[in-house]
Amino acid sequence: MLANKVTIGIYEKALPKDITWEQRLSLAKELGYDYVEISIDETDERLARLDWSLEERQKLNAARLEIGVDIRSMCLSGHRRFPFGSHNPEVREEAKVIMTKAIKLAQDLGIRNIQLAGYDVYYEEQDAHTIELFKEGMLWTARLAAQHQVMVSVEIMDTEFMSSITRWLEYQELVNNPWFCVYPDVGNLSAWNDNVSEELTKGIGYITAIHLKDTYKVTPDFPGQFRDVPFGQGCVDFVEVFKTLKSLDYKGAFLIEMWTEKADDPVAELKHAKEWILEQMKTAGFI
């Protein structure tokens, strides 16, 4: 495998929803994607994956080995419903259960990187106590991740709490653990920040992967739009992003994040997205 090859994965929710994992991995391969990022979101349906049986895990492993497409990362957004910063101790305990099961699932499926949602709380009111509880949760999570040698990377989010790499660096300094890194989403980063190149530069030593999506910017009169923005129509300057990453000698993975699983023709959208991203990389001199 060439060390300078650009690695581009695809988010599970971009692929057709009602297909098997064998079909999902085969389609990703057919479309030229290098890996799939599995979703463990806040729905009962996807949280139930944390309790897959040994036979289900073995079947998926056999499929990924035979097809040759890995599930290299996990988007663990289930903590939006069960956050580490919750005022409710039962919810906080469930956050730990989810994290523990997610790390076990990652080990069993060969997943290298768990993207952790950077929410102290989502459906509750934030206060100083929720922030302190979140810090305790991150310390606990990083210790667990280190014990099992599974990378945990905090996403730069669609809320102000974790809206920049600068904000994440406060937690990196607190945790001080090599298994606790950052997974920036350039769409979220661009929606909240004007200095995206500066933010990427600050975090380059800790970036394990990068989500690629477009967004509409947050302004005093507009809350921003963080999903379902067609590539090239939002606020992300992809050429500048790739120029910056080229100057920083970034060699990590990219993940195209889309929610086209129920689209009329998700395959066509997946083809277009990859072609469009590659064109921006070429224009920037990244490839």
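The values are calculated or read from the model by the stated rules, or taken from the named source; none is laboratory data. The structure displayed is predicted, hence computed values, not measured ones. Here the Cβ positions follow ideal geometry from the backbone for every residue, glycine too, while neighbour counts run over all protein chains shown.
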Is it the case that some residue within the stretch 255-262 is closer than 19 Å to Lys202 by Cα and either touching a residue at least 60 places away in the same chain (Cβ under 8 Å) or surrounded by fewer than 14 Cβ atoms within 10 Å (Cβ to Cβ) (or both)? no
If you go through the stretch 210-260, how many residues are in a strand (DSSP E or B), within 29 Å of Leu15 (Cβ to Cβ) and of a type outside the set (S, T, N, Q)? 13
Checking the condition in a helix (DSSP H, G or I), at pLDDT 95 or above and over 22 Å from Asp185 (Cβ atoms), which residue from Ala146, Ala142, Ala102, Ala106 passes? Ala146
If you check Glu160, Glu124, which single one turns out to be of a type outside the set (Phe, Trp, Tyr), over 23 Å from Leu200 (Cα atoms), surrounded by fewer than 19 Cβ atoms within 10 Å (Cβ to Cβ) and touching a residue at least 24 places away in the same chain (Cβ under 8 Å)? Glu124
Just checking, how many residues over the stretch 245-287 are β-branched (Val, Ile, Thr), closer than 25 Å to Ile114 by Cα and modelled with pLDDT of 95 or more? 2
Tell me, yes or no, whether the stretch 197-209 has at least one residue that is without any contact (Cβ under 8 Å) to a residue 60 or more places away in the chain, part of a loop (DSSP other than H, G, I, E, B) and out of contact with any strand residue (DSSP E or B) (no Cβ under 8 Å at 6 or more places or on another chain). no
Return the residues of the stretch 201-225 that are closer than 27 Å to Ile103 by Cα and within 17 Å of the chain's Cα centre (by Cα); say none if nothing qualifies. Gly203, Ile204, Tyr206, Ile207, Thr208, Ala209, Ile210, His211, Leu212, Lys213
From Leu60, Leu27, residue being over 20 Å from the mean Cα position of the chain (by Cα), surrounded by 15 or more Cβ atoms within 10 Å (Cβ to Cβ), aliphatic (A, V, I, L, M) and closer than 19 Å to Lys104 by Cβ: Leu60
Working only within the stretch 30-57, note down all residues that are within 21 Å of the chain's Cα centre (by Cα) and of a type in the set (Lys, Arg). Arg46, Arg49
Filter the stretch 255-287 for residues that are β-branched (Val, Ile, Thr) and in contact with an Asp or Glu (Cβ under 6 Å, 6 or more places away or on another chain) and give the result. Thr260
